[in-house]
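The values are calculated or read from the model by the stated rules, or taken from the named source; none is laboratory data. As the structure is a computational prediction, the values presented were derived from the model and not from experiment. Note that we place each Cβ from the backbone using ideal geometry, even for glycine, and neighbour counts take in every protein chain shown. Just so you know, the surface numbers come from the protein's heavy atoms only, side chains and all, with ligands and any DNA or RNA stripped out. Shrake-Rupley method; radii C 1.70, N 1.55, O 1.52, S 1.80 Å.
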Amino acid sequence: MNRYIPHVITLLALTLLAGCTKEDDPFVDRVAAPVLVVIDNATGDGGGLTGEPVVSQKVGGPVTMAVRVYELDKTGILDNKVGIDSIPVSALALRLTTRAGAALGDLQTDATGKATITKTWAELGVTAPRAGSSVLLTWTGTHKGQAFSRLSRVQGIN
């Protein structure tokens with residue numbers, strides 16, 4: 001019986017090593033976004049720390065949504081006196097859609113990297129808006145040949 005123990009241990013070690021191969025994630029091909037998209041007037045930071053920033057808008061009026069788009073210059077990242085510089089991206093074409101795919105509008109950023117759109121609740125697909133009504137949004141664009149998307153949500157308040 002004792003003579004089989006080294007063989008069992010070797011077989012177990014080989015089995016464990018065979019399972020340690022590196023494989024790419026077959027479900028999600030993650031690529032860093034070429035720009036930073038900051039949602040204006042969002043609860044919280046509206047930038048990169050929130051997966052889905054929420055913008056609160058009154059249900060009795062128009063819904064105004066805005067984003068600011070920045071390219072991050074990381075050349076000074078190792079110099080604490082320089083750091084990362086946020087450069088506004090001007091004349092960038094953006095498309096705003098609902099998460100269901102309904103197009104809400106095509107926008108272009110101005111010289112400060114800002115793009116704004118105003119819609120009614122009905123145009124967003126909410127016929128009878130009330131406090132708590134929400135619409136899931138996707139901002140998409142392409143910068144330097146790389147596509148990107150930014151999620152956000154607009155929510156009704158009284």
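Nearest 500 deg cm²/dmol is fine: what mean residue ellipticity at 222 nm does the chain get from its DSSP H runs of n ≥ 4 alone, each adding -39,500 (n - 2.57), divided by its residue count?
-3000 deg cm²/dmol
Would you work out which of L49, A102, V31 lies farthest towards the positive end of the dipole of segment 29-156, given +1 charges on the beta-carbon of Lys and Arg and -1 on that of Asp and Glu, about the Cα centre?
A102
Using only alpha carbon pairs under 8 Å that are at least six residues apart, calculate the relative contact order of segment 29-156 and give it in whole percent.
Relative contact order here is 27 percent.
So in the chain, what percent of DSSP beta bridges are antiparallel if you round to the nearest 5?
Working: 36 of 41 bridges.
Counting DSSP beta bridges with both partners in the chain, the antiparallel share is about 90 percent.
Work out, step by step, the length gained on full extension between T10 and E123: first 0.36 nm times the residue separation, then minus their alpha carbon distance; give nm to one decimal.
Computed gain between T10 and E123 is 34.0 nm.
Of all accessible surface on segment 83-158 at a 1.4 Å probe, what whole percent is carbon and sulfur?
Carbon-and-sulfur percentage of accessible area, whole number: 51.
I'd like to check one number: the per residue accessible area of the chain, probe 1.4 Å, reported in Å² as a whole number.
For the chain, the per-residue accessible area is 65 Å².
Total Lys pairs in the chain closer than 30 Å by alpha-carbon, pairs eight or more apart in sequence or interchain only?
For the chain, qualifying lysine pairs total 9.
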